[in-house]
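For reference, the structure discussed in these notes is given below.
The values are calculated or read from the model by the stated rules, or taken from the named source; none is laboratory data. Predicted model, so just to flag it, every value in this text is computed and none were measured. Methodologically, a virtual Cβ is constructed for each residue, glycine included, from the backbone with ideal geometry; neighbour enumeration extends over all protein chains shown. All accessible areas refer to the heavy atoms of the entire protein, side chains included, with ligands and DNA or RNA removed. Shrake-Rupley method; radii C 1.70, N 1.55, O 1.52, S 1.80 Å.
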Amino acid sequence: MLPSQYPAVSNTASSQQQQQQRTGSKVMDKHSKKKNHARSTSTQKSFNAFLKDTNDEWSDDIHEPGKKPKEANVDTFAHHESLAKASKAVEAVLSTTPIPVNPPPQPVRKKKSTSPNGIKDHVQDILLDPTLSLKWIDMEESRDPLRSKKFQQVLSVSNVDLVALRSLSWSGIPEEMRMMAWQLLLGYLPCNSARREITLARKRKEYSDSVTATYARGIAGLDQALWHQIHIDIPRTNPGIPLYQYEATQLCLERILYQWAIRHPASGYVQGINDLVTPIFEVFLSAYIDEDPEQYDVGKLDKEILGVIEADSFWCLSKLLDGIQDNYTFAQPGIQRQISTLKELVTRIDARLAQHLQNEGIEFIQFAFRWMNCLLMRELPLGSTIRMWDTYLAEGSSEGFSEFHVYVCAAFLVKWSNQLQKLDFQGVMIFLQQLPTQGWQEKDVELLLSEAYMWKTLFHNAPNHLK
């Protein structure tokens, strides 16, 4: 269930206004189907109508190929006048919000391989067991040599101590060791080194066989409604990053999501899951190449390597979603609980902000649904998300992506408190969909995580303080 399926929050319109809305000019909405969203002419407009204008990518309707969606009734002039005022208010607030104009450049990945495709020379070791690549890593060339050496000590033993790994990972994982650490923390890569090679080979073969059987009759043999929804969501996943616009990448993600959906009929595919697979895919890709993964065309990879990245991404996505699957089952009870807790937290942390949102008629579900459904991935740069997931996995894949994530969302909302309190309903909603986080660096994410940890320390073991 997406936000458009929840009751709208708006003032009661007079019968005359309703008649005007019903007879107003019609405007084609290219993403809607079977739903007519009447746009309110009041200052506090319907969230359903607002969402359609500012974020129509979030329609979860599955359109039949060749059929056009139905039209929506609109009071065009009143709507645009109201939206223009809100946009000006947001621009005024953003003008006072510091945004890094020239963020410091990211460290340039050094090309160490002799392969013309940028593939690492010791790729065969990585394919057998990712931890075998530790012997090829020059710790002195890492951003923090001392920290990298600590990770090396933990990861190079025959039986990895997960408690020690979690403790180190909370503050961030070195890029060159991130794939092996994530696979261990997710429970995919065995802690016992003697079991890794055979376990990885078995799981990769299981995935490969499943894909072969599923696609035995080609696209025509798939569940067409399910496949179509995934197929149209993939191209708009991280549209600003070249990696996700290459056909080879999109086909990998499409197979991963389809396989997951048919294996989990209780939830099936839900929009938002397409975002969650991308950090995993990118981290795993980066372990095999010496180039910038976000600019890399995976079509240049050997089929064996690409198949391993795809299979490992599938199993690790499955592990992650297993801990938060009630976010995607019918009525999405997990997300509803998280939003309820978020509202209680913000009320205690910043009562003035909570009161302002209430005065403007803003329900937390209207903006926080996406924060929970996509784990803030649409609000932050992908690099920031990857760093944040280091901490989530250190907290425990289930607890980190569910409980701790709520505290992160609370810290994230309160961060913009001063700006939000100057805006009305429309202004708040526009601001929260255009947050000035484009220039965020690792330090910004770490500050957010630290604040979230502080709130968790205060409230998590004392739930009565939230009442």
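Just one of (1) farther than 15 Å from Cys316 by Cα; (2) out of contact with any strand residue (DSSP E or B) (no Cβ under 6 Å at 6 or more places or on another chain); (3) of a type in the set (S, T, N, Q) trips up Thr199, so point out which.
Single failed check for Thr199: (1).
Looking only at segment 211-246, count how many residues are open to solvent by 50 Å² or more (accessible area, probe 1.4 Å) and among the polar types (S, T, N, Q).
Number satisfying all stated conditions: 3.
Tally the residues that are aliphatic (A, V, I, L, M) and under 21 Å from Leu162 (Cα atoms), restricting the search to segment 380-428. Break it down into steps so the answer makes sense when it comes.
From segment 380-428, those aliphatic (A, V, I, L, M) are 380, 382, 386, 388, 393-394, 406, 408, 410-411, 413-414, 420, 423, 428; that's our starting set.
The next check asks that each one be under 21 Å from Leu162 (Cα atoms); those that pass are 386, 388, 393-394.
So the answer is 4.
So which residues in segment 268-293 are in a helix (DSSP H, G or I) and either modelled with pLDDT under 95 or over 16 Å from the mean Cα position of the chain (by Cα) (or both), if there are any at all?
Within segment 268-293, the first condition is being in a helix (DSSP H, G or I), and the residues that meet it are 273-286, 293.
Correct list: Phe284, Leu285, Ser286, Pro293.
Hey, among Tyr215, Tyr207, Tyr244, which residue is touching a helix residue (DSSP H, G or I) at 6+ places or on another chain (Cβ under 6 Å) and of a type in the set (Phe, Trp, Tyr)?
Of the residues listed, the single one that is touching a helix residue (DSSP H, G or I) at 6+ places or on another chain (Cβ under 6 Å) and of a type in the set (Phe, Trp, Tyr) is Tyr207.
Might you check whether a residue that is in the same structural domain as Leu306 (by the TED database) and closer than 17 Å to Leu257 by Cβ occurs anywhere in segment 176-195? Give the steps one after another, and end with the answer.
Our first condition is that a residue be in the same structural domain as Leu306 (by the TED database); within segment 176-195, this holds for 176-195.
Next, only the ones that are closer than 17 Å to Leu257 by Cβ stay: none.
No, that holds for no residue.
Which of the residues spanning segment 365-408 are of a type in the set (Gly, Ala, Ser) and either closer than 22 Å to Val270 by Cα or modelled with pLDDT of 95 or more (or both)?
Once the filter is applied, which keeps residues that are of a type in the set (Gly, Ala, Ser) and either closer than 22 Å to Val270 by Cα or modelled with pLDDT of 95 or more (or both), segment 365-408 yields Ala368, Gly383, Ser384, Ala394, Ser397, Ser398, Gly400, Ser402.
Which count do you get for residues in segment 124-141 that are more than 21 Å from Asn192 (Cα to Cα) and either open to solvent by less than 20 Å² (accessible area, probe 1.4 Å) or assigned to a helix (DSSP H, G or I) (or both)?
The total comes to 3.
Could you tell me whether any residue of segment 402-411 is over 20 Å from Leu276 (Cα atoms), in contact (Cβ under 8 Å) with a residue 24 or more places away in the chain and over 15 Å from the mean Cα position of the chain (by Cα)?
yes
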